Amino acid sequence: MTILVIGATGRVGRHVVDQLLRREADVRVLTRDPAKANFPGSVEVLQGDLLDIDALRAAFAGTSTLFLLNAVTGDEFTQALITLNIAREAGVDRVVYLSVFGADQAVNVPHFAVKRGAERMLEAMDFGATILRPTYFIDNEVMVKDVILQHGVYPMPIGDKGLAMVDARDIAELAAIELIRRHDAPGKLPIETINLVGPDTLTGTDVAAIWSDVLGRPVVYGGNDPAGFEANMATFLPRWTAYEMRLMAERYVSDGMIPEDGDRARLTALLGRPLHGYRETAERIAAQA
């Protein structure tokens, strides 16, 4: 039987497909634009989106297990619930769902609340699922690299509590491990929730210090100003998206993203290796500049 990957062409999804292929899984992806998929020939690529019922039904035919990653869009919740309903209709109850760290707490942040709603559906409708809750992606730093490299400022208002930022490669490998575990199980396994965190809990000042060391010149933290961050985001993102990013940043400042006891040990045990850290990405970005 086949593992269906939804969200396969993004920063995490591509790594998920790669990790599944390394484990010799049969992989199918559903994407809006197959021309951009660029996967090995063994990957079955279907065209469609999460509001296309016929495409979803075709994608789930012959599928045993689902990886679901929803993009942050205005209709993300509708997409998630429709996809899970079609999965249930097709008899697919083995799911790995990419949620977000603190989904049950940051109830005012739209895409956090959406993901908690999808988690509740998985729980209430008796899916067998692994719910992955990643913190802030280290890989997001490519979006602010020009500000760091050209102006010597780390602009993300991540606060002074600290974020245990996680690498997309670690997210993807853990997703693949859980997909294979559920796929190969003789029956449906109970729901589990796993916090996906990085090896270090970093404040804005900590991150600026890493960049200063990597670049060999001063980089300063831009400060805890979600309103200013919103204004900057609104220059190139839809207004509602910029506002949502502000709400998320406010949660970073007020709460941070702090691992629970045992989170890191659990992840390193599952991976059988150390977690990727922030400095590795900073060094890679600097080397490519």
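The values are calculated or read from the model by the stated rules, or taken from the named source; none is laboratory data. Worth saying up front: this structure is predicted, and the values here are computed from it rather than measured. In this analysis, Cβ positions are derived from the backbone assuming ideal geometry, glycine residues included, and neighbour counts consider all displayed protein chains.
With respect to (1) within 30 Å of GLU230 (Cβ to Cβ); (2) within 20 Å of the chain's Cα centre (by Cα), the lone exception for VAL153 is condition (2). Please work out if ASP33 is charged (D, E, K, R) and over 21 Å from the mean Cα position of the chain (by Cα). Against the criterion (charged (D, E, K, R) and over 21 Å from the mean Cα position of the chain (by Cα)), ASP33 does not qualify. As a summary of the residue check, ALA55 satisfies the conditions (1) aliphatic (A, V, I, L, M); (2) touching a strand residue (DSSP E or B) at 6+ places or on another chain (Cβ under 9 Å); (3) more than 27 Å from GLU173 (Cβ to Cβ); (4) in contact (Cβ under 8 Å) with a residue 40 or more places away in the chain except for the one numbered (4). Hey, could you check region 1-25 for residues that are surrounded by fewer than 17 Cβ atoms within 10 Å (Cβ to Cβ) and of a type in the set (Lys, Arg) and say which is modelled with the lowest pLDDT? Across region 1-25, the extreme among qualifying residues is ARG11. Restricting region 162-184 to residues that are outside any strand (DSSP E or B) and within 22 Å of ASP213 (Cβ to Cβ), which is nearest to the chain's Cα centre (by Cα)? My answer is ASP167. Suppose we filter GLY159, GLY117 for residues that are over 22 Å from ARG181 (Cα atoms) and part of a helix (DSSP H, G or I); which single one remains? Only one candidate passes the filter, namely GLY117. Residues in region 96-113 that are out of contact with any Asp or Glu (no Cβ under 9 Å at 6 or more places or on another chain) and either among the basic types (Lys, Arg) or modelled with pLDDT of 95 or more (or both): LEU98, VAL100, PHE101, ALA113.
Hey, could you check region 224-262 for residues that are of a type in the set (Asp, Glu) and surrounded by fewer than 19 Cβ atoms within 10 Å (Cβ to Cβ) and say which is nearest to ASP160 (Cα to Cα)? Step through it out loud before you land on a result.
We begin by selecting, within region 224-262, every residue of a type in the set (Asp, Glu); these are 225, 230, 244, 250, 255, 260-261.
Checking which are surrounded by fewer than 19 Cβ atoms within 10 Å (Cβ to Cβ) leaves us with 225, 255, 260-261.
Numbers: ASP225: 12, ASP255: 9, GLU260: 18, ASP261: 20 Å.
Per the criteria, the residue is ASP255.
Which of the residues belonging to region 263-289 are more than 21 Å from THR203 (Cα to Cα), modelled with pLDDT of 95 or more, of a type in the set (Gly, Ala, Ser) and not in a helix (DSSP H, G or I)? Residue satisfying the conditions is GLY272 alone. Scanning region 132-152 for residues that are out of contact with any Lys or Arg (no Cβ under 9 Å at 6 or more places or on another chain) and farther than 20 Å from MET245 by Cβ yields LEU132, LEU149, GLN150.
Let me confirm something: among ARG88, ARG28, ARG116, which residue is farther than 29 Å from ALA164 by Cα, modelled with pLDDT of 95 or more and out of contact with any Leu (no Cβ under 9 Å at 6 or more places or on another chain)?
The unique qualifying residue is ARG88.
Specify the residue that is surrounded by the fewest Cβ atoms within 10 Å (Cβ to Cβ); the eligible residues are those in region 185-223 that are at pLDDT 95 or above, of a type in the set (Gly, Ala, Ser) and part of a loop (DSSP other than H, G, I, E, B). The selected residue is GLY216. Scanning region 227-240 for any residue that is in contact with a Gly (Cβ under 6 Å, 6 or more places away or on another chain) and either over 20 Å from ILE158 (Cβ atoms) or assigned to a loop (DSSP other than H, G, I, E, B) (or both) turns up nothing. Of the numbered criteria (1) surrounded by 22 or more Cβ atoms within 10 Å (Cβ to Cβ); (2) modelled with pLDDT under 95, the one ASP167 fails is (2).
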